[in-house]
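First up is the structure itself, then whatever we jot down about it.
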Amino acid sequence: MTRQPNAIDRRSFVRIASAATVAVPLAGSIARFAHGAPAARQPAESAVGELYASLSESQRGEICFDFNHSKRSEISANWHVTKHKIGDTFYSDKQRDLIDRVIRGVTSEDGYERFQRQMTSDHEGVHNYAIAIFGDPSTDQFQWELTGRHLTMRADGNSVPGAAFGGPLVYGHGVGNPKRSLFGYQTAVANEVFKSLDADQAKAALLEGFPGEWEVELQGSEGEFEGVAVADLSGEQKQLVEQTLRTIIAPYRETDVEEAMSILNTNGGVDQLRMAFYQDEDLLNDKVWDLWRIEGPNLVCHFRGAPHVHAYINIGVKKA
């Protein structure tokens, strides 16, 4: 596996599918979570159904795949799941409107505006991104996916049981100054945790070298995790960790956020987690750590703020 500069010797999570794309197994099949799981016919999923129905046979042949196709499990900070960009003549104006409805449906109000600005900044707009549909939206097993520079987004109507958001997500922003980054505020929130640590806790939390950002496969209860144990923190410190988690996933719709938190809380809550900060690539040399990671058996959030933001999120239940 390719290692980050000065990376520590760490277990390998995923195989590299290509130089640009990484295959990450999605969470396995378990009983569905009743609390917080997005219904199959929320606005986003309804728009996916309308989009699918509007596609011609030739269009379906280009962007529609079986539900278990390998493309659905690939993630990267920069790739296109299909060759046709949203702005191409391949799509009609009505279909582009439906795609926009899906994006609005899977994001919060702030998240939608933030992602629009990110896509414009990083890749001249959403028209340069690509989509795919896996499975048939008229059934209970389907997923819509949008990919492109610094973004992987999903809508699945809870087709992947026990996997928040339908599987791993990626977002980012190609601005190197954290004070100008659209997601720099998240590092500020995470560093409130670090500032709350005493000397011994900080020593456990602050590490040299760092794992690959793509290493986000869920490890389950047998996993090995780095950093300070959240279970050893005070109640106020634990609240700061939970606030950080909620900040990371706040750009998405409320039902997905609550499903993610339900999965976490059903499986031990924040006490199952560790949080690590990495000394490498301190962008402004200000000891506000731009590289950090929260991980436990059912959750991985890897935030790389340097040289610009790449955030990888995977929350779910590992198949036994």
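Please tell me if Ala37 is at pLDDT below 50, within 24 Å of Arg104 (Cβ to Cβ), not aromatic (Phe, Trp, Tyr) and not in a strand (DSSP E or B). It would help to see each step written out before you state the result.
Values: at pLDDT below 50: yes; within 24 Å of Arg104 (Cβ to Cβ): yes; not aromatic (Phe, Trp, Tyr): yes; not in a strand (DSSP E or B): yes.
In short, yes.
In the stretch 189-207, is there at least one residue being among the β-branched types (Val, Ile, Thr) and within 15 Å of the chain's Cα centre (by Cα)?
No: zero hits.
Check whether at least one residue in the stretch 188-209 is in contact with a strand residue (DSSP E or B) (Cβ under 6 Å, 6 or more places away or on another chain), open to solvent by less than 30 Å² (accessible area, probe 1.4 Å), part of a loop (DSSP other than H, G, I, E, B) and not hydrophobic (A, V, I, L, M, F, W, C), and report yes or no.
The answer is no; no qualifying residue exists.
The values are calculated or read from the model by the stated rules, or taken from the named source; none is laboratory data. Keep in mind that what you see is a predicted model, and the values were worked out from it rather than measured. As a convention, Cβ positions derive from the backbone with ideal geometry for all residues, glycine included, and neighbour counts pool all protein chains shown. What goes into the accessible areas is simple: the full protein's heavy atoms, side chains included, and nothing from ligands, DNA or RNA. Shrake-Rupley method; radii C 1.70, N 1.55, O 1.52, S 1.80 Å.
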